[in-house]
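Before any comments, here is the structure.
The values are calculated or read from the model by the stated rules, or taken from the named source; none is laboratory data. Note that this is a predicted model, so its numbers are computed, not measured. As a convention, Cβ positions derive from the backbone with ideal geometry for all residues, glycine included, and neighbour counts pool all protein chains shown.
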């Protein structure tokens, strides 16, 4: 069974919740093991709302990590307080482990290959790569990732042009520096799914009114569906093969400018990075995601 760690900016948009629903359903069906979730954008109800959403999904034992310093992100988390009050009124951010420590602990304990999914900002995974040996492992973060991680799947960048900018890579100095360092130093293969892939695939419109996920979309103002950046990344990773998931790929070396977050790509068949290009109609991906979040 494949092992996953998720990093998410569980924050102001609702596509993260659709993505977590997909992983939760896959975990409940024992298609995957969801080892833990790290939150890389810290709001008042971050941990409690995600804990509450997982409880509503019937998952009570998924460890959560949080970058408590990740408060330099703007936005209004429209659904977080309601989720926390409804499903986890006893929770707080103090309940979450430090996100870097969570990643290190899970990787050190893993008895098989781990795949890391990143659908938010990259400062946590970059800090993991830069982390020293500690009480959890005598290995540095770079060594742990090289030894335990088979692949990273990243929603980030805009790859249909050189020098484009995208939210997860360019929002603030923290995001820009982390994305740049990640591309330089990650020692395992990375597949990127860019903004251009998910913006026009609208999912979540078929949920029933009593579904907690419908409530999240409604709070966000997207009860008729939302762009599927994060769900598209999760669908791709769950399938585990770019071609089978409906994509062509470009292989080479990704680069992010730490000054403005602009992304660039140099094609090279031996490079460690890929970005994906849809080769199916949008309905192909939409229907696959809607089936997974409704079943």
Selected residue (only one of 47, 41 is crowded, with 24+ Cβ neighbours inside 10 Å and at pLDDT below 95): 41
Test: residue 262 is touching a helix residue (DSSP H, G or I) at 6+ places or on another chain (Cβ under 8 Å) and either under 15 Å from residue 189 (Cβ atoms) or at pLDDT 95 or above (or both): yes
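Which of the following residues is more than 30 Å from residue 57 (Cβ to Cβ) and more than 20 Å from the chain's Cα centre (by Cα): 211, 287, 260, 219?
Going through 211, 287, 260, 219 in turn, the sole match is 260.
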Members of region 95-115 that are within 17 Å of residue 50 (Cβ to Cβ) and not in a helix (DSSP H, G or I): 96, 97, 98
Residue in region 246-259 that is closer than 24 Å to residue 34 by Cα, surrounded by 15 or more Cβ atoms within 10 Å (Cβ to Cβ) and out of contact with any helix residue (DSSP H, G or I) (no Cβ under 8 Å at 6 or more places or on another chain) present: no
Which numbered condition residue 83 misses (of (1) crowded, with 23+ Cβ neighbours inside 10 Å; (2) in contact with a strand residue (DSSP E or B) (Cβ under 7 Å, 6 or more places away or on another chain)): (2)
